[in-house]
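Data first, discussion second: the structure below is written as structure tokens.
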Amino acid sequence: MKKKKVALLGGSFDPIHWGHLNMAKAALEHLKVDEVWFIPSNQTPLKDRVLSPAADRLAMVRLALKEDPRFKISTVDLSRNGKSYTFDTLKILKKQFPEVEFTWLMGADQANQFDQWKNADQLLEMADFAVVDRDGKEPESSRFNFKRIPMVYTPVSSSEIRKGEKINFLPESVRQYLLDHELYLVAWVSRHVSAKRLAHSASVARLCRMFAKAHGLDEHKAWLAGLFHDVAKDMPINEQKKWVAAINPAGLSEHHAIWHGYAGSEIVRRNFGIEDPVIQNAIFNHVKGTSYDPYAMIVFAADKLDPLRGYDSKPLISACMLDLYNGFMLVKRENREFLDREKRVLAEKESF
């Protein structure tokens, strides 16, 4: 009887991306395996980073693998504690599936570290090992004679995605999962704003969640709108101008201090995949407070009442908690009075 051939792809998958999926496709094509099993690790041996919760990483893998029935999941590493050594993983799998012929897949970076793997020489007796050409880099000279297979060039790593880079290399279902479960999002925003702006955005997001909870609204939606409301604020003015010209030409006649709201409303859709028109509207209108949608009122008020601004905003926060519309109108009035005072002070300075 012909043995079933299975390629094994282990990793933290924090998150899974098209690089992983293209490795699996390369194995199907070039190794002629019947299936590829993805094995999320419990704890990666050669990395000290604390991983995202196993339940989240497993859920993302499940979403990503729906595209091909030949892609399977093995939870062999997640079902036991401690570091996920390949030697232990293979020993368990070979015992459970003696009729299967296994090939372990790895990238050039892993091949270069293979002599550090637990029981490296014994591993070669347990299964075949194949190096997938993930990023166009040749493995360094090694005493191990691995198979090599090509794949579609996919220059991305999970660490880059966690930092908010190369998000387009995520399967759409995985990107939506990250948005829905608030994974990596603060880091995504941090790539576009200063540390001070990030602290403000996170504080506004917390206040938005609090307002939404007080009024029986979607806390997650409010939090997202608050976190991303200033994503374009630190963008150069000439870049903001291009976005405004494309999506809201009438806004070009307004002061450039308003432009980041217009630009941000489209950036969250194109760059981050936030398609919710309610969130986009809240970001679009958060500077002037020109929308009376509940989420737009929440973001406008939270932005102006952020405790990090350094003035006593507690009375107005309490007003918004009690009655969103009335609180919003009070914040608008106070903000207008503040701007009028600023204009008078500026005019007086210019008169001297």
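A few points about this structure:
- Aspartates and glutamates with Cα under 13 Å of Lys4, excluding same-chain neighbours fewer than 8 positions away: Asp34, Glu35, Glu99, Glu101
- In nm, spacing of pseudo-spin labels at Lys241 and Lys72 (7 Å Cα→C-beta vector): 6.0 nm
- Cα gyration tensor, the stretch 212-352 - rounded (a/c under 1.5), prolate or oblate: oblate
- Heavy-atom surface analysis with a 1.4 Å probe gives the stretch 194-352 a carbon and sulfur content of 57 percent of its accessible area.
- Low-density loop cleavage sites - GluC sites (Glu not before Pro) in the stretch 133-224, where at most 12 other Cβ are within 10 Å (DSSP): Glu140
- The Asn119 and Ala214 beta-carbon pair, evaluated with R₀ = 51 Å, returns a calculated FRET efficiency of approximately 0.35.
- Computed [θ] at 222 nm, helices only, for the chain once each DSSP H run of length n ≥ 4 contributes -39500 (n - 2.57): -15500 deg cm²/dmol
- Too-long pairs where the Cα-Cα distance tops 21 Å, listed order kept, from Lys241/Lys288; Lys5/Lys95; Lys196/Lys221; Lys233/Lys314; Lys72/Lys163: Lys196/Lys221; Lys233/Lys314; Lys72/Lys163
- Estimated Rh, the stretch 77-208: Kirkwood, alpha-carbon pairs, angstrom: 18.2 Å
- Matching label, Rg/Rh (Cα atoms, Kirkwood Rh) computed from the structure shown, candidates (i) 1.12; (ii) 1.00; (iii) 0.98: (i)
- Lys5-His30 pseudo-label distance in nm [points 7 Å out on the Cα-to-Cβ vector]: 1.4 nm
- The label point for Ile258 and the one for Arg336, both projected 7 Å from the Cα toward the Cβ, are 1.4 nm apart.
- Taking all pairs of distinct alpha-carbon atoms in the stretch 267-321, Kirkwood radius in angstrom: 12.1 Å
- Think of a 1.4 Å ball rolled over the protein heavy atoms: the stretch 237-276 then has 48 Å² of accessible area per residue.
- Of the trypsin sites (Lys or Arg not before Pro) in the stretch 136-220, the ones in a loop by DSSP (not H, G, I, E or B) with at most 10 other beta carbons within 10 Å are Arg143.
- Rounded Å value of the spacing that divides the Cα centres of the stretch 1-60 and the stretch 197-270: 37 Å
- Here's the picture: charge each Lys and Arg Cβ at +1 and each Asp and Glu Cβ at -1 in the chain, and of Ala55, Ala199, Pro98 the one pushed furthest to the positive end of that dipole is Pro98.
The values are calculated or read from the model by the stated rules, or taken from the named source; none is laboratory data. A quick note: this is a predicted structure, and the numbers were derived from the prediction, not measured. As a convention, Cβ positions derive from the backbone with ideal geometry for all residues, glycine included, and neighbour counts pool all protein chains shown. We work out accessible area using only protein heavy atoms, side chains counted, and drop any ligands, DNA or RNA first. Shrake-Rupley method; radii C 1.70, N 1.55, O 1.52, S 1.80 Å.
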